[in-house]
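The values are calculated or read from the model by the stated rules, or taken from the named source; none is laboratory data. From a predicted model like this one, the values you see are computed outputs, not experimental measurements. As a convention, Cβ positions derive from the backbone with ideal geometry for all residues, glycine included, and neighbour counts pool all protein chains shown.
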Amino acid sequence: MDKHAHLKRVIVDFKKLTPEVLKLLVERYPDGYDDRNIISFKNAQGERIEAVEVLTEDTKYLVKISAKLEYTMENYDEDDYEDFDDDDPEAVVEPNPEDLDDDNDSD
């Protein structure tokens, strides 16, 4: 029996990845993931999905893999995400460089 069977299961697309889940992914796969880590399954539409698993106390996330996910994990910097709410689905959008200058109003 799966010891994680009691967890809520959530399939997450890269575009809806929260900073919290991204951080867990980077911690779980610090050198990136490989074929051993990839879970393949068919969704309700019969499409083949490939994902990597990350666990929280109450949820098993299956994050759909893509080239963008690999790039984001490789370039992850926790400081880039500290101002976002954990439940903000737009949080993975790259920050606008002009927005970053607002803190430096010493001109």
| message | Condition first: surrounded by 14 or more Cβ atoms within 10 Å (Cβ to Cβ), modelled with pLDDT under 85 and in contact with a helix residue (DSSP H, G or I) (Cβ under 9 Å, 6 or more places away or on another chain). Can you find one or more residues in region 13-20 that meet it? | response | yes
| field | Of all residues in region 58-70 being among the hydroxyl-bearing types (Ser, Thr, Tyr) and assigned to a strand (DSSP E or B), the one that is nearest to the chain's Cα centre (by Cα) | value | Tyr61
| In region 47-67, what count of residues is obtained for those that are more than 17 Å from Lys23 (Cβ to Cβ), in contact (Cβ under 8 Å) with a residue 40 or more places away in the chain and loosely packed, with under 15 Cβ neighbours inside 10 Å? | 1
| field | Residues within region 29-57 that are assigned to a loop (DSSP other than H, G, I, E, B), more than 18 Å from Lys68 (Cα to Cα) and at pLDDT 85 or above, tallied | value | 6
